[in-house]
Amino acid sequence: MNNAPPAPRPSPFSPFRRTSPWPARLDLLQSGSGLFLGLFMWAHMGFVSTILISPDAFWTVARFFEGYFIFGRPYPGLVSLVVALVFAVLVLHAFLALRKFPGDWTQYTVFWRHAGRLGHGDTRLWLLQVATGFAMFFLAPVHLYQMLVHPELIGPWESADRVWSGGFWPLYLVLLLAVELHGGVGLYRLAVKWIGFRDPASARRRLLFLKWGMTVFFLVLGLFSLAAYVKLGMDHADQAGERYRPVGVWNAPVQETRT
Amino acid sequence: MGRRLTLTVFRHNPREASSRPGTRDYVLDETPGMTLFVALGRIRDEQDPGLNFDFVCRAGVCGSCAMLINGRPGLACRTLTAALPERISLFPLPGFELIGDLSVNTGKWMRAMSERLRAWLHDAGDADPDRLEAPMEPATAEAIYELERCIECGCCVAGCGTAQMRPDFVGAVGLNKIARFHLDPRDVRSDADFYEVVGDDSGVFGCMSLLGCQDVCPKGLSLQTQIAWLRRTLARQGW
């Protein structure tokens, strides 16, 4: 009786790797960068909307990210660093997502007709993702560059002046819609792309409910926040450029303000 | 009193030089339990003997009668007219070679896909017809059988925006086949071998998770589950 272990079965394929590992890496990178950006945007909305609590609350959040409460003085460069990271991830995500865009007139027509006749929600959502993603190629860099070079101008009056006197509100309005719609669909898509559901029908129903709930929540929050900045900017238009001085914050900094 | 149905049917014979693609309306009275198979049969018998469409089993097993029913891919033999409005449009499945009218050559597409993906069992080459086959865990056999229920009707390809846009995409039917052979303990291929055939943008990484396949599959296969699993498994090959 031969008790020797069986020889390993040979693979019928060449031992030499012919296929590049990059398609797998790019797919993961696209999903990973999208996940990062989607979650970042939700957190970002949380920070921005503190203006609805009070100007002091937003001032505190803005200074917190400049390390003021750790180092005793603000370092706006820290914000620039985060902006640079987000900018880099955005560029990476846009580059990777471009691979999925329809490439020519035929592909656009074919997809448009397909989506039109199929009457299928998830297919239509993809068109929304393409449109909002395309819009962000142009909208997001304007905002990001501003934040990169002038991180110190994040504050109740500073931001409100940018929104109203600086004429940024139309851009922010469109950007808000694009970001929230794109991010919501994208995060939903990530879930159905990577998670193997036992019961996909009910899982998707719940995910879509959650997705639309989050999108509506963040859109409403964003619209109210933007309205608050517009209102503040209108009231402050005569003194545009003046830095905000907190009223009721403990340990408020002795900050040079232009009067 | 039953309804009077109007079927708008795509008509074109690509082998006839004079034929121009267009549609023709057929009016007929609905009968109880009428399927599109019955309706089309009656049209051919009573109104237009030249109408082309494919049927073999009439029971949702052969996958020949897939077509676009009011824009949605489905099997004509499994679709009750009662579930549809009085105006019904029938078009051939997009993405496949047109034979004529509602008949498309899904077989040609499926064969090319199978050959490209090597969608057959790759055993160790030591098969012996005189030896008793190795037993398989019932759970494994069940899981393989579940994926084998695919009838290659082509609905998932016609329902997939990616496949429509990019003709080299293997579609859910192809990815489902890979998942099926991956499950099979008799198949000696490794993840790296499967990555060779579907590890790019025309394979699993091209899937944009639009889930048209999942929603139109007439056999109710959980294609989302299979594709997500395959994506996770093959993504590991990137490192």
* To do: Return a yes/no flag: does the range A:211-219 have any residue that is within 14 Å of another protein chain (Cβ to nearest Cβ) and buried (at least 17 other Cβ atoms within 10 Å of the Cβ).
  => yes
* Structure fact -> Considering the range B:90-117, residues that are farther than 18 Å from B:ILE151 by Cβ and surrounded by fewer than 18 Cβ atoms within 10 Å (Cβ to Cβ), and then whichever is nearest to the chain's Cα centre (by Cα), we arrive at B:GLU97
* Among B:VAL173, B:VAL197, B:VAL188, which is the only one that is within 16 Å of the chain's Cα centre (by Cα) and either over 28 Å from A:GLY119 (Cβ atoms) or in contact (Cβ under 8 Å) with a residue 24 or more places away in the chain (or both)? -> B:VAL173
* **Every residue from the range B:216-239 that is open to solvent by 20 Å² or more (accessible area, probe 1.4 Å) and more than 8 Å from chain A (Cβ to nearest Cβ)** => B:CYS217, B:PRO218, B:LYS219, B:GLY220
* Structure fact -> Over the range B:120-152, the set of residues in a loop (DSSP other than H, G, I, E, B), open to solvent by less than 100 Å² (accessible area, probe 1.4 Å), within 14 Å of chain A (Cβ to nearest Cβ) and closer than 22 Å to B:LEU221 by Cα is B:LEU121
* To do: State the number of residues belonging to the range B:185-201 that are open to solvent by 20 Å² or more (accessible area, probe 1.4 Å), part of a loop (DSSP other than H, G, I, E, B) and closer than 14 Å to A:PRO23 by Cβ.
  => 2
* Asked: Out of the range B:11-51, which residues are among the polar types (S, T, N, Q) and either farther than 26 Å from A:GLY116 by Cα or open to solvent by less than 60 Å² (accessible area, probe 1.4 Å) (or both)?
  -> B:ASN13, B:SER18, B:SER19, B:THR31, B:THR35, B:GLN47
* State whether the residues of the range A:228-235 include one that is loosely packed, with under 14 Cβ neighbours inside 10 Å, out of contact with any Pro (no Cβ under 8 Å at 6 or more places or on another chain) and among the hydrophobic types (A, V, I, L, M, F, W, C). => yes
* What about B:ARG180, is it part of a helix (DSSP H, G or I) and closer than 16 Å to A:ASP27 by Cβ? -> no
* What about B:ARG72, is it within 14 Å of chain A (Cβ to nearest Cβ), out of contact with any strand residue (DSSP E or B) (no Cβ under 8 Å at 6 or more places or on another chain), at pLDDT 95 or above and open to solvent by 40 Å² or more (accessible area, probe 1.4 Å)? -> yes
* To do: Give the residues of the range B:202-215 that are open to solvent by less than 10 Å² (accessible area, probe 1.4 Å), assigned to a helix (DSSP H, G or I) and more than 7 Å from chain A (Cβ to nearest Cβ), sorted by residue number.
  => B:VAL204, B:GLY206
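The values are calculated or read from the model by the stated rules, or taken from the named source; none is laboratory data. Bear in mind that the values here come from a model prediction, so they are computed numbers and not experimental data. Note that we place each Cβ from the backbone using ideal geometry, even for glycine, and neighbour counts take in every protein chain shown. Side chains are part of the model used for accessible areas, which takes the heavy atoms of the whole protein and leaves out ligands, DNA and RNA. Shrake-Rupley method; radii C 1.70, N 1.55, O 1.52, S 1.80 Å.
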